[in-house]
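Presented below is the structure to which this report refers.
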Amino acid sequence: MTVNSDWTYAPAPEQVDPGIAERHRLFIDGRFISSRGRRTFETANPATEAVLSECDEANAADVDAAVAAARAAFRKWSRTRPQERAKHLYRIARRIQERSRELAVLETMDGGKPIRESRDVDLPLVAQHFFHNAGWCDKLKYAFPGATDPKPIGVCAQVIPWNFPLLMLAWKIAPALACGNTVVLKPAETTPLTALRFAEICEECELPKGVVNIVTGAGETGRLLVEHPDVDKIAFTGSTEVGKRIAASAAGTGKRLTLELGGKSPNIVFADASIDQAIEGIVQGIWFNQGHVCCAGSRLLVQESVLSEVITKLERRLSTLRVGDPLDKNTDVGAINSGGQLETIRDYLERGRAEGATMHEPNGAALPEKGHWCRPCFLSGVQPSHVVAREEIFGPVLAVMSFRTPEEAISRANDTRFGLAAGVWTDKGSKIFEIASRLQAGVVWLNTYNRFDATSPFGGVKESGFGREGGLHGLRGYLSL
Ligand code: NAP
Ligand code: MG
């Protein structure tokens, strides 16, 4: 994944100690307070299994309090002058840049992703989303010509997953606040720490109390939040399964809803592509962030005449990836986010083998004794009907298939219930536009993969969800137009 280097502001994070408190509380109405239920859960470092901290698990009374705080804050924040809102968002963006070393290390420790990714991809993008949305605050009526007076929606319930904890927070909180809404956000149970550190930044930047509230907990806390009757808008990023449940519960309530869900994205390599360049794109597409990426290019479709060349080159490249300590700046592939996720990945590998696919695991890196690890690998000889070709594995596992003609490539690429992203590799300009226009995917990358920018909308079609995040399109979900 790449990002415009202009946004890489902070110096490289040597192994800074992010100073993790033993106990973390909920952030409600501008204060860190204990859960009324007094229940807690532990968050661990998936690379070492060491417990990092104990966090409060928000119950129904806590969610009530957070929504009430957001409601009260909405009355003022929605009427705050847009320039004033922008000032807060710019401050937050700058503070994120200033504290980005610490945030990158914390993200890597809590979630397992390589520090190089937290430092060079996640954190720069997080800051960029706040800068980008700060700029929109006082331009909303020009952004949507015809809508004379765009209004915020109200209290937003935001639930995010563990693969890009701080980045998903930025995608959600920055546009919501820019449009004059207030927020209650629930991070994932395995990665709550950067959201709580973000709460500290809100305090430092004197964001009015109640505008942002962070409630930690597991799925039940998320359910209580999205089903709360005083919520006006739900923004959810996570699995298709949970997304469907949320959509069912929101039906008929009048709540606005956007869903960013799972994917099984095709990465299509034509024989006329620059194969070496495509190999790098395939690596970026599936082994970035251990494959814990909703838009991962997890189905590789290769034109038959270059299939054996691609497999040989992939094996060679895969053997050079450095797997291990996520805090080492030379690491390419870090730890799997949780023991549960590792089990899921192993089950899929078993099913792939049982269905007749061939396993390629050329990377012989010695894995640490503790922690959750899966070597980057791929399965060849996969048929479109195989489970590993149809279901999201969400791990460092690529399913390789072949095709003969462009027609077959398109029909195989679209043969999925998902529609989040797709990649096309070819040297022929005309083919690029023809194929791209026929792929059922929210995002199509051409001769690149996993490229992100705060100005570009992102989101899915089919069972990958609806609504867009990022850019001008991302504001629509937070306004009554
Ligand atoms: P998940 O199980 O759906 O969880 C996502 C979030 O929802 C977590 O905070 C989770 O809490 C919470 N949650 C669980 N059950 C809930 C319920 N009934 N009501 C409300 N909230 C509930 O997904 P995940 O396994 O963490 O994340 C991986 C999935 O996210 C993948 O399918 C991936 O494709 C998708 N994803 C999509 C995008 C995108 O932009 N389209 C981006 C990233 C990830 P706990 O974690 O604490 O249980
Ligand atoms: Mg953790």
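The values are calculated or read from the model by the stated rules, or taken from the named source; none is laboratory data. Note that the structure is predicted; figures quoted are calculated from it, not measured. Cβ atoms come from the backbone with ideal geometry, glycine included; neighbour counts cover every protein chain shown. Side chains included, ligands, DNA and RNA excluded: accessible areas come from the protein's heavy atoms. Shrake-Rupley method; radii C 1.70, N 1.55, O 1.52, S 1.80 Å.
Results, tabulated for the structure shown:
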quantity	calculated
Only one of R25, R39 that is more than 27 Å from E204 (Cβ to Cβ), in the same structural domain as T191 (by TED's automatic domain parsing), at pLDDT 95 or above and open to solvent by 80 Å² or more (accessible area, probe 1.4 Å)	R39
Counted residues, the range 192-232 - those being more than 8 Å from ligand 1 (Cβ to nearest atom) and either of a type in the set (V, I, T) or not assigned by TED's automatic domain parsing to the domain that holds I33 (or both)	8
Residue within the range 288-303 that is open to solvent by 10 Å² or more (accessible area, probe 1.4 Å) and over 24 Å from P187 (Cα atoms) present	yes
Flag for T344 being of a type outside the set (K, R) and part of a loop (DSSP other than H, G, I, E, B)	no
Any chance A61 is open to solvent by less than 10 Å² (accessible area, probe 1.4 Å), assigned to a helix (DSSP H, G or I), of a type outside the set (F, W, Y) and farther than 21 Å from V293 by Cβ	no
Residue within the range 148-165 that is among the aliphatic types (A, V, I, L, M), within 16 Å of ligand 1 (Cβ to nearest atom) and within 30 Å of N330 (Cα to Cα) present	yes
Residues located in the range 376-394, provided they are in a loop (DSSP other than H, G, I, E, B), closer than 26 Å to S338 by Cα and touching a strand residue (DSSP E or B) at 6+ places or on another chain (Cβ under 9 Å)	P376, H386, I393
Residues of the range 205-221 satisfying the condition of being assigned to a loop (DSSP other than H, G, I, E, B) and at negative phi	C205, L207, P208, K209, V211, V215, T216, A218
Matching residues in the range 430-481 - criterion: being at pLDDT 95 or above and among the β-branched types (V, I, T)	I435, V443, V444, T448, T455, V461
Counted residues, the range 93-114 - those being open to solvent by less than 10 Å² (accessible area, probe 1.4 Å) and more than 16 Å from ligand 1 (Cβ to nearest atom)	8
Given (1) part of a loop (DSSP other than H, G, I, E, B); (2) touching a residue at least 24 places away in the same chain (Cβ under 8 Å); (3) not acidic (D, E), index of the condition A73 fails	(1)
Odd one out for V461, checked against (1) in contact (Cβ under 8 Å) with a residue 40 or more places away in the chain; (2) out of contact with any Asp or Glu (no Cβ under 8 Å at 6 or more places or on another chain); (3) under 24 Å from V283 (Cα atoms)	(3)
Failed criterion for T194 (all others in (1) among the polar types (S, T, N, Q); (2) away from ligand 2 (no atom under 15 Å from the Cβ); (3) buried (at least 24 other Cβ atoms within 10 Å of the Cβ) hold)	(2)
Single residue of the range 395-448 satisfying the filter (of a type in the set (A, V, I, L, M, F, W, C), open to solvent by 40 Å² or more (accessible area, probe 1.4 Å) and touching a residue at least 12 places away in the same chain (Cβ under 8 Å)) that is farthest from R346 (Cα to Cα)	L446
